[in-house]
Structures are given as structure tokens and as C-alpha cells.
Amino acid sequence: MERQFVEALISRFPALKLLVLGDFMLDHFIWGRVDRISPEAPVPVVDMDKETFSLGGAGNVINNLKAMGAQVVPVGVIGEDWAGQRITELLQDQNIPSHLLLKGSRPSTLKTRVMAHQQQIVRIDREDRALLPAELEKAVTQAFLDLLPIVDGVVISDYSKGTITPTLLASILPVARKQGKLVCLDPKVRYFSSYTPVSLITPNQAEASTVLGYPIVTQEDLEEAGRRILKLIDCKALLITRGEKGMALFHDGQMTLVPARAREVYDVTGAGDTVISMLSLALAAGASLLDAVQLTNVAAGVVVGKVGTATVIPSELLSSL
């Protein structure tokens, strides 16, 4: 890709406003060192140096969009607890409106990762994955529909924590299609057949295999998977992410393979958030589908070279072209 083209595309990002709907989480990192094994059990003892907090799940999609200069409006649910308050504060620190994160009785999703010598030792999840109560789901639906006319596109980030339900999707996706809105969706397996209609969907290869019920081993398997998923749901394009093997784009009856760009992989935490964010931004800014995928591939290569829940900024993207 030519640098001049990418610079022109990036220059359009600050004028774009994207609605992010999904499962909002708090990522808690404990950073430390391991010098010994516990005498109590054969496990490492981590001497803690520091702890950090960042937006996770759909919140990390927001981090990625903001890092590239876009305007963001979040819609979702948090708990009435300290983790929910911390999520609110992290949004406010970036001048992002937080009042559309509705509060429910269940706890905020909190992921605690213990890191030592730049590697993850263990992850502890505190969450409630039950579907939203009907009244809360109705409130989320209404907030989405109220905002839809004033945004340039929608990103739906489903982490299967209960926010994204079949009823919610059936209430919002046909309206978004009718209004001609770009809708990019990062899926989970749980309600895959309900993701319709959308503009673009980005399952990873493992998710695609689970949905279809067979392992994707050969290129023929991959092509068949793409065809079957496009028959299963109404989407204009499908991007299957394949880790170190890159990405496979399905559009207009063709499969295009895009090789991975990462030089070194340190941590894949949140890489899918970077993919859906960059794709959405590039498409909303007017890039062609293939150009958007190629730019996204570059961004993903940058972010997996960082440790923790990371983002990519314009200068990093340009220097990696």
C-alpha cells in the first residue's frame, strides 16, 4: 500500500463517529517477576511490581478507535460496582460519553492477568454470562436505535457475556441495514446464526470450524467454510482471521488470502479488537474492502508485537507499511 494513500485515509478518521455496542470489561494486569517456586505447591511465586487497568472487550475496541483519532459512542452494560466505576473513569479520561453504559444488577466483567517477564502466568475471570434481563435489553436496544442516525458506522463486539442476544440483534440489525449503515461484527459461536444482516463479520478460524462442525485444515476446507458461512448469514463480506497464517477474505464469490505481517508475536490479547476497529474505520473512511483488509493486516501485525491489551497509533501504522 502506498504511504500517501494511507495518510489520506487516516486524515479522515477524526471526522468519523462510530457506535460501539458490546460486552464492556475491565482488564486488570498485575506485573511482576518470578525468581522462585512456591514451597506450598509447584507454582511460580510472582513478586508484584505494579498493577494497571484498561478497558477490555468492547472497551478495547473503543481504545483502538480513539488511538486512530475517531469519535466513539459506547452502548452496553456495566455493574454497579468498583469495576464498573473504573470503566466509567477510563472512558471519561478519553472524553468519551459514558452515560450510555447502562447499569445492571450483575457484576461488571473483570479479567485479571498476572504477567511475569512479559509473559502471562494466569488469568482470573470474574463475570456473569447470563443474558440481559428483558427490561435492560430493551433499554440497550432503544439507546442503539436513538444513536444510529447520527453515526457513520457500527461496531458490534460480542464476547458472549450476555449483552448481545438474538432478540437484541433482531431488533437492531434490520434497522441498521434499512438506514444504510455500515455494521462490522466480531462474533462468538453462541448465537452465530443471529448475526444477520451485517456488512462484514470477522470470525477466527477456530470459531468458523466450531460453527460448521468440522476442522479447517486445507485450503479447500477454508474455501468451503467461507461459502457455507455466507449462506448461513446475510453479510456482504466475511473475513476469517487465521493467526500466523494471516487472513482470508470472502467477497463477490472469491476468496483472497492475505499473509500475516507480524515479525514477532508477543501477545495476542485484544488482537481481534484491533482487526474489527481498523476494518470499520477504513471502510467508513471510504477504503475499498481489500484495501481495508490490507491495512488491518498491518495494524494487527503491530499490535501482536506488544504485551498486554494494546492498540496501534497512526505513526506506528505508517512506519510499518
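The values are calculated or read from the model by the stated rules, or taken from the named source; none is laboratory data. Please read these numbers as outputs of a predicted model, since none were measured by experiment. Cβ: placed from backbone, ideal geometry, glycine included. Neighbour counts: every protein chain shown.
Quick notes on this structure:
- Contacts under 6 angstrom Cβ, first residue in the range 310-321 being in contact (Cβ under 8 Å) with a residue 40 or more places away in the chain and among the hydrophobic types (A, V, I, L, M, F, W, C), partner in a helix (DSSP H, G or I) and surrounded by 14 or more Cβ atoms within 10 Å (Cβ to Cβ), 6 or more apart: Ala310/Val303; Val312/Ala299; Val312/Val302; Val312/Val303; Ile313/Ala67; Leu317/Ala299
Quick grid of which residues meet (1) loosely packed, with under 15 Cβ neighbours inside 10 Å; (2) without any contact (Cβ under 8 Å) to a residue 40 or more places away in the chain; (3) of a type in the set (Asp, Glu); (4) not in a helix (DSSP H, G or I):
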| residue | (1), (2), (3), (4) |
| --- | --- |
| Phe5 | yes, no, no, no |
| Asp27 | no, no, yes, yes |
| Gly32 | no, no, no, yes |
| Ala41 | yes, yes, no, yes |
| Val46 | no, no, no, yes |
| Phe53 | no, yes, no, yes |
| Gly69 | no, no, no, yes |
| Val75 | no, no, no, yes |
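- Test: Leu132 is touching a helix residue (DSSP H, G or I) at 6+ places or on another chain (Cβ under 6 Å), surrounded by 21 or more Cβ atoms within 10 Å (Cβ to Cβ) and in contact (Cβ under 8 Å) with a residue 24 or more places away in the chain: no
- As a summary of the residue check, Thr88 satisfies the conditions (1) in contact (Cβ under 8 Å) with a residue 24 or more places away in the chain; (2) touching a strand residue (DSSP E or B) at 6+ places or on another chain (Cβ under 8 Å) except for the one numbered (1).
- If only residues of the range 177-213 that are among the small types (Gly, Ala, Ser) and in a loop (DSSP other than H, G, I, E, B) are counted, the one that is farthest from Gly153 (Cα to Cα) is Gly213.
- With respect to the conditions (1) buried (at least 17 other Cβ atoms within 10 Å of the Cβ); (2) over 30 Å from His28 (Cβ atoms); (3) in contact (Cβ under 8 Å) with a residue 40 or more places away in the chain, Phe192 falls short on a single one, namely (2).
- Ile87 being assigned to a strand (DSSP E or B), touching a helix residue (DSSP H, G or I) at 6+ places or on another chain (Cβ under 9 Å) and modelled with pLDDT of 95 or more: no
- Cβ-Cβ under 6 Å pairs, at least 6 apart or on other chains, the range 222-240 side crowded, with 22+ Cβ neighbours inside 10 Å, far side part of a helix (DSSP H, G or I): Ala225/Ala208; Ala225/Leu212; Leu238/Gly226; Leu238/Ile229; Leu238/Leu230; Ile240/Gln205; Ile240/Ala208
- Which numbered condition Ile124 misses (of (1) under 22 Å from Lys66 (Cα atoms); (2) assigned to a strand (DSSP E or B); (3) at pLDDT 95 or above): (1)
Yes or no, residue by residue, for (1) closer than 25 Å to Ser199 by Cα; (2) at pLDDT 85 or above; (3) charged (D, E, K, R):
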| position | (1), (2), (3) |
| --- | --- |
| Gln254 | yes, yes, no |
| Leu257 | yes, yes, no |
| Gly270 | yes, no, no |
| Ser277 | yes, yes, no |
| Ala282 | yes, yes, no |
| Ser288 | yes, yes, no |
| Thr296 | yes, yes, no |
| Lys306 | no, no, yes |
| Ser315 | no, yes, no |
